[in-house]
Every structure is written in structure tokens, then in C-alpha cells.
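The values are calculated or read from the model by the stated rules, or taken from the named source; none is laboratory data. The model shown is predicted, which means the values in this text are computed figures rather than measured ones. Because the Cβ atoms are built from the backbone with ideal geometry, glycine has one as well, and the counts that use them run over all protein chains shown. With ligands, DNA and RNA removed, areas are computed over all heavy atoms of the protein, side chains included. Shrake-Rupley method; radii C 1.70, N 1.55, O 1.52, S 1.80 Å.
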Amino acid sequence: MFLDSETAEALRISEYLKRVAPYTPLGKKWKGRLKPYTPSQIEEWELDLQDQQEVMELFSESRATYFLTCCELVDDIDFYLQEVLQDRSSMLTWFHVKRFLVTWFKWDEFVSAESSPRFMRMNPEEQRKLHFLLLLLQKSGRFTTSFEVSQLGDSKWLEMNREKNQLTKGIQQLRKERQKQISERLQRNPNFQGEWVISRHQESAKVFAVDPDIKLVRETIYEQIYELVPDEQENVWQEQLLSWNEKISIHEQSLFRQINRLFRDHIPFLQSLVQRWTRLDFLWAKCRAAQSWNGVRPVYLENQVRLIEGILPLEQESWMRKGYEMTPVTLEAKPGCTLLIGPNMGGKTTALRVVGLCTVLAQYGLYVPAEEFCFPLFPWVRTWIGDHQNAEQGLSSFGAEMNRLAQWIDRDPENQGFILLDEIGRGTNPIEGSAISCAITRYLHESQAWAVHVTHFPEALQIEGIRGYRVRGLSTVPKWDSDHPNQAEDWIRLLYKAMDYHLDPIEDEDGVATQAISIAEICGLPEKVIKQARTAVKQRIQEGDYGREIAFRSTED
Amino acid sequence: MNQTMKQWGQREDLQVLSLVGISKNAGKTTFLNGLGRAWSADSVGVFSIGVDGEAQDVWSGRSKPEVRVYKGWIVATSGICLQNEVDAWEIIEALPIDSVAGRVYLARANRDTSVKLTGVPTRQWASLCIEQLKKCGCAKVIVDGAYNRKVMASPVWSDGFVLVVGASFSPSLPLLVKEVKGWMAKLLLPSPAGDIELYQSFYRREVCALQIGEKWVSFSSHEWIQSQGSHISAEDLKQATKLYFHGALTKRILEQLRSSGFTGEITIPDWTYLFDVLVKESRIQVLFPSNLLAVSINSTSPDGWQVNPEELRTQIQQVVGDIPVWDIYREEWISDVS
């Protein structure tokens, strides 16, 4: 499995994938099959990205708008093609099929004016086929998206309909004239339905009762309802009309069967059009998602992950609403473990997430939120970020952590995935935690696994050849002012302003940052507590608990 | 009658006309067919609302009457209803609307014909139907209502409506007349004398508002329902002189207001926001007055009884005052006019 649920959740992958929003029902179905490319699918991956690039270059605002308009006309055409295949077509089937063909026809006209990628338009042979099929459904005139049987242009059907309509008119005229005569004779007009409604106690009721040209059809305690008795002419015409209706119905069925037969031979062509439209819809959906986070095309690079100015778009959007701006992340990782060190609240976990997000999005064939991103395509990606207590399994944070790690780090060395770890070992006593963390880091580094590890434990820096990055950290320490009315609420803002989130490569003499007490002070811990903590640290340094190799950097020194 | 109907057809301010029945099987479709006869030469769109638009009325099991449509008219109905007379229809559009009988299509009649209209179940979809029918060139849209779904007759949605009073409500003429009196009491509610612009702004923002002294306090109807009015202090309610309520005004809410000591006037958007409320002496006003055009009566019930048609007309006319009362089934149709 490329991603497990914890990794997907930690990186908020589903929220990003939601932005891939195809317009058509088939496009949406296609999205359901969206999955990451594997390391053996580099060519397909490149092709997907290239197609997106071409679409983005060619989809001007007007093209994009027109494409949306066309997509609104494209239904689940697959369903209707199945009706054709199974010889179950009806008027509605041909309406939908015709609408799809006209949509393609108009789209092709629209994009053919300029050079467009092959998948966006039809070649001359396809255009001829499309035109031929459209003519089957609409014999003449400019192609429209509506459908009616007369458009089939069948002369026999047209003639039969003409006869029928003439008969209908004739009957209507005859009845109208007879009604008029009767109305004049009986001194009363019928209602809008051509019925005479007569109150029982009216004098004229007797006259109505005996008139030979009308008959009683209903009566109540208050009234009687009469209608015209058809004369001989009308009876003849009504029979003829019935006969014409039957003949027309039979002929219509035959017409649909004929069209069905002609279309069935071209179903593979139609299905290819459906697939191409669906693919275009899906590609454009990917492009729109990429545009929403100013995405850049990822590049394949076998032995390195190189990220330049990557961000987390969802978090950035949220922070910007509060007036903060995210510092983009730039780093490189190679086989072996890459460390991330720095003060608390320095953005190390964020950096880890950025790397993870860009990797996963890129592997799904999406553009990534960075200035540049190169990577090798991984068989899988796993993260350990946040608190993952699992009460159901009876696992504490530490237990859950060890459980997951055990599944990842002993995997097939030929099938190295990408592991992103956040402060392994923090959930237990510092001595053993540090030892485990360091041992895992060493193991990953020496086995050339792909890993990035955020840690506070200084021992990890002692591993030979270890690389990594350090958050620059606090340049100055804002002073806690207990009299400030909004101190508690503004501590984030203070911290944000004081913290430099940029990453610098770790130098040999670097040590882990020691700004935790300063940060605790900014967060508002009582002065007494801060003072005691600082005293304890100084004491431990004097007692030699921390060796020269671990160079403490305290901003207060 | 058909002269007036013709005049309606010429009014540019009357684009959407709804039919509302006081009961099921009141005779809306019969009235629609009569109206259609007068508007046969016009470009008309027609559809039905409600979930009972399938071939058989789910409530009574009866066959639903077909609607007579004329050449050039456009209907919105499910595809299944268009399959019977294939030659009669040009399918124009497939709407993203699902009725109980399937997807809804717009179809233009190629000749005079009849069709069953399946219900468009939601207000949003009904609004979409109106928009699409107008887009297709319909100068008039008729909305065939469903039992007790009066929302489309709101002046916000339609430019005029016809109330259809049918004997299906009750075999008792006095009960029928009493019911119509209740309806008319709602339909003839007055509009506020002042603060119109203020009420209109509340309406646009979809909020309720209470005037206490000089100031207005706004809240949502949802808040009121959730807290049963307790989110506003009893003191404030006693002192309040006016309330704009943007929500369904039910008997329960009215009782909550009264029991809290509120004695001021209540303004609601329009009469369709009233539910189970006796409006007599209730100081209720409507921001948008009703646009009742006519009352159509039907003295016959499909269940087999009939009230005296002449008595029905006389008594209903007395209740509705100047508004025309038509017995479309009994009115003589003057051919020259149509």
C-alpha cells in the first residue's frame, strides 16, 4: 500500500485530492480510480504531467469556460451507449447520444482553430465518422443538441405524420363547427373541454335531453353533462386516426431499430470519444487543483529528493487569514537519514509535512506546491507525526510509535519507501528515548533508507556522515510582560515574529537548539518556573552532563 | 372568464403563475387545462411541483389527469412521460433534477397533445425549472401546485396565483367556506405602514429582528426555535413593539411570544410563512402582500360527492370580495376570445 491511513491523515491528502474536481459524471468516476504511480511507471507518470502541462498552456480563460459549458452537456453517456448496444434505445437515448456528438463536434470546431494536443481534438477520419453519425440523427440544418423524430428525416414518417396531423385538424374543425351549430341552437356554449354542463332545474335541461347531436355522459344531483355525439364523418376520421397512430408507432420503432443497427457498428469509436472526453475532464481537474496551490511540475530524480520553497497550501490559507505567512521550506534528502533539528515551535514538523505532501501529490501525478521538486518515485510513504495513542489496541503513544516503526524499518531493502519521522522516542524517559531515537536514526542512515527525522536528541548529531537541517530559530527573545492586556493571546504572534523558520544545513559544530525555556517564557509560564528551569540547566552544564560535542546555544548567553 | 385569462396572457408583469389547491384533487389541473385553452397561442412553459406527480396519485390511487399542452409549449417532466407520443415532442434539455419518476427533461410540443407532469420535488429545483423555461423563450410559466405546498405561490417566486377550492376538501359546504375564510384571512393580511426598507434589509439578510425602544436586535429563526425564545430576555420581549420574523410562523411560536409577554406587531415575509396560525386579531403583517388573481371552484369531488355549485359560487364570492370566482367547468367558453 502506497499510503496508510495515518499518513494520509497526517498529510491531509484527502483534502487536497478533493480539489481534483472533474465536471462530468464519468470524470468523477474516473477520479475514483485515481491512484499513485509506482516506481515502474515513470513513463506513464511523465506523460500524465506533460499532458497537464499542455492543457494548462492551452486552456485560456475562454477555452476553460467553453469546456465547462460543454461538460454540462455530457451526461453519463456510457449508460446510453449500453442501451444502443443492447438494442433498447428510445427517444431519450438518441437525445443523449446526439447531445454528446454535437458537444464533441462543437468542441472540435472550437479547438481546431489553433494547434491543440492530439487528445483534445479529432483527426480528419474521426471528424468524418462523427459527421456521418450526426447526419443519421439530424438530416439537415445546423446541428442542435435537441432531438425529435422528424430530425431523422425519414420521408415515410414525415408523410405519415402529415396525414395524421391533417386528420386531427379536420376532426377538430368538424367538431368546432358542430359545437357552434349546437350552441346556437341550444343557446348555450360548452365549457373549455367542449362539454355542456346544465343545471337540472333549468328549463333548457329538457331540450338538451332530447337533442340528437349530444349525449349525456355524466350526471349528479345538481346537473347533467353532455358532449357532442360524433357524426359519421368524425367516426370515419377517428378510425383512420387510430390506424395512423398505430402505423406511426410501429414505424418509429422500426426507425429506432435501424438507427440502432447503424450506430452499433460505431460503438468502439463512440466509446473512444467518451474516454477521451473523460480523460480531458480529469486532466483539467488536475490542472485546476494545481493552479489552486500554484503548483509546479515535479521532476524525476533517481537519488535525491530536492525541495525548493515548498509550502502547505491549506495551512498557508488558514494562517494568512490570521495575518501570518508561511516560510517556504527548502531542503534536500538523499538515501540515508536526514535530520531536522531546531527549537520548539520552529516549524520542523511543518517542514516534514511539506516534504511528505509534495512527495505524495507528485506521485499521484499532480503538480506540487513548491518552486521546484525533484524526487525518485517511491513504492510507499509513511509518516509518524503527532500523537497516535491507540486505546483500542492498548497502545500508548510510545507503544504505537514502536509498533508502526517495526513494520517499516525491517522491510525489503529492495523496496525502500520514504519514511518521515517526528521526534521518535519522546514518549518515554529521556535516556532510553534518546538511545532508541539515535539507534533508529543510525540504522536508517547506515542501511541507506530514505528517511527524514525531526529530533531534539543531540546524540543523533554524532552519527558519522549524518546530514540535516537546522531551523535558524529565535534571533531575539521577546520579553514576557504580565501587565500586557493581551499577552496570553498574542504569544503566538510574538513567537512568529521572533522566529526565523528558514532551514540551514547542519554544520559540524552545530548542536541542538536550546531555546525551549525561552519559548516557554514567551508562552507565559510563571517567572519563578522559568528561573528554576534555567538554574537547573546551568547546573547540569557545570556538572558535565552535556559534553563539549553538544554545543548549547542559548540566546541569553 | 376567458377574456380575463387572455388579458393575463398579455401582462408583462405576470410571467410566473402558480396554482394552489386547498386540498388534494381540488381541481388544479382542470383549471390549468382551462387556462391553457386561453393561452394556447402563447409561448408557455409548464411543470408540476410536489412528489405526487407520478402516473397514479399515491395518496388516492387515482389516475392523475393529463395536462393539455399546445404546439410550441414547453413542459418539464420526467422522460417516461414523454415516451408515449414520441412524435409529439422535441427533447430540448435534460435537467439535473430527479423526480420520483426519473430525470426531468424539457420538451417542446410539436403539436397539441396531452402529457402527465411529474413533480419537481424541491423549491430550488422548481426555481431552476422556471429559469430554464424562461431561457428557452417561455413568456409565461405555469406551476401546477401540489397539495398543501404553497411555497411556489409566494410573491417571491410567482407573479400571481390562483387558489383552487374543491369539494374534495369536504362534502360540507359550510366547512368548505370556513376553510376558504381561513385562507383569505392569511391572503388579505396587511402590509406594514412604515419601516419597509428596514424590513426588506432583514429579509435580504434572512434574519429576524426585534425592536426594543429605538434599537433593533437581530437573531436567526433557528436560534429562536432552539432556545424556544429564551435567548431573548422576558423583559426585552415585554418591551418590544415590533418583530420581524424570517421563518415559519407556527402556532407554537406565536404562543411562545404571547406567553413571554410580547404584544407588538409581527411582520413576516409573506403569507406562505404562516402555519396553523389563526390570524384573527393577531397583529400579523406581511412584507410582500399576496398576489391572488382569482379563485377557481370545483363543486365535485373525485370521491363521488358534490356540493351545490351555485351555492358554492355565491358563498365563496361573499368571502373573497372583489376577486373573481370562476367555476371553470361550468363556465361557458366563448370561442371568439380564444
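Taking the C-alpha atoms only, the angle from helix A:397-408 to the longest principal axis of chain A is near 80 degrees.
With an a/c value of 1.5 or above and a/b not larger than b/c for the gyration tensor axes a ≥ b ≥ c computed over the alpha-carbon atoms, segment A:202-299 is described as oblate. Using a cut-off of 21 Å between Cα atoms, the listed pairs B:Lys150/B:Lys181; A:Lys98/A:Lys247; B:Lys6/B:Lys181; B:Lys116/B:Lys140; A:Lys247/B:Lys116; A:Lys28/A:Lys106 include A:Lys98/A:Lys247; B:Lys6/B:Lys181; A:Lys247/B:Lys116; A:Lys28/A:Lys106 as exceeding that distance.
Among A:91-99, B:35-43, B:86-94, the peptide with the highest mean count of other Cβ atoms within 10 Å heads the list, and the full ranking is A:91-99, B:86-94, B:35-43. Counting lysine pairs in segment A:155-229 that sit 8 or more residues apart in sequence, or on different chains, and whose Cα atoms lie under 18 Å apart gives 5.
For the residues A:His456, A:His251, A:His502, a 1.4 Å probe over the protein chains yields an accessible-area ranking, largest first, of A:His502, A:His456, A:His251. Extension gain, A:Gln233 to A:Arg467: 0.36 nm times the residue separation minus the Cα-Cα distance gives 74.0 nm. Peptide A:141-150 is shielded by partner chain Cβ atoms: per residue, an average of 4 of them sit within 10 Å of its Cβ. When the solvent-accessible area of segment A:327-366 is split by element, carbon and sulfur atoms take up 46 percent of it, the probe being 1.4 Å. Computed from label points 7 Å out along Cα-Cβ, the spacing between B:Gln318 and A:Asp504 is 9.9 nm.
Shape summary: segment A:155-229 maps onto an equivalent ellipsoid whose semi-axes, from the alpha-carbon gyration tensor, are 33, 12, 9 Å in decreasing order.
Per-residue ellipticity at 222 nm computed for chain B from its helices equals -8000 deg cm²/dmol, with DSSP H segments shorter than 4 residues left out and the rest contributing -39,500 (n - 2.57).
Of the GluC sites (Glu not before Pro) in segment B:177-216, the ones in a loop by DSSP (not H, G, I, E or B) with at most 13 other beta carbons within 10 Å are B:Glu206, B:Glu214. Once a ≥ b ≥ c are taken as the square roots of the eigenvalues of the Cα gyration tensor of segment B:196-286, is the result rounded (a/c under 1.5), prolate (a/b larger than b/c) or oblate (a/b not larger than b/c)? Note, shape of segment B:196-286 comes out rounded. Taking square-rooted eigenvalues a ≥ b ≥ c of the alpha carbon gyration tensor, is the protein assembly as shown rounded, prolate or oblate, where a/c under 1.5 means rounded and, failing that, a/b exceeding b/c means prolate? Oblate is the answer for the protein assembly as shown, as a/c is 1.5 or above yet b/c matches or exceeds a/b. Per-residue extension of 0.36 nm, minus the Cα-Cα distance of B:Glu206 and B:Thr263, leaves a gain of 18.2 nm for this segment. Can you compute the modelled spin-label distance between A:Ser318 and B:Thr122, with each label point 7 Å from Cα toward Cβ, in nm? Result: 2.9 nm between the two label points. Taking amide hydrogens as placed 1.01 Å from N in the peptide plane, the amide H of A:Glu223 sits under 5 Å from those of A:Arg200, each at least 5 positions away in sequence or on another chain. Write out the trypsin sites (Lys or Arg not before Pro) in segment A:411-464 meeting two conditions: DSSP loop, and at most 15 other Cβ atoms within 10 Å of their Cβ. Loop-located and lightly packed - A:Arg411. If R0 is taken as 25 Å, the Cβ-Cβ distance between A:Leu68 and B:Arg103 corresponds to a FRET efficiency of 0.75. Compared with the dominant principal axis of the Cα atoms in chain A, helix A:313-322 is inclined by about 80°. If R0 equals 45 Å, the separation of the Cβ atoms of B:Val156 and A:Ser112 corresponds to a calculated FRET efficiency of about 0.45.
Spin-label pair B:Ala41-A:Ala520: with each label point 7 Å from Cα along the Cα-Cβ axis, the two points sit 9.3 nm from one another. Across the accessible surface of segment B:196-286, with the other protein chains kept in place and a 1.4 Å probe, carbon and sulfur atoms take up 49 percent. For chain A, the longest principal axis of the C-alpha atoms and the axis of helix A:267-292 are separated by about 40°. Give the distance, in whole Å, between the Cα centre of segment B:5-35 and the Cα centre of segment B:204-266. Comparing the Cα centres of segment B:5-35 and segment B:204-266, I get a distance of 36 Å. Surface burial for B against A, with a 1.4 Å probe and both sides summed, reaches about 2800 Å² of accessible area.
Per-residue extension of 0.36 nm, minus the Cα-Cα distance of A:Ser140 and A:Ser447, leaves a gain of 103.3 nm for this segment. Using the Cβ-Cβ distance between A:Phe269 and A:Glu43 with R0 set to 30 Å, the FRET efficiency works out to roughly 0.65. At the residue level, B:Val100 shows approximately 90 square angstrom of accessible surface with a 1.4 angstrom probe and all protein chains present.
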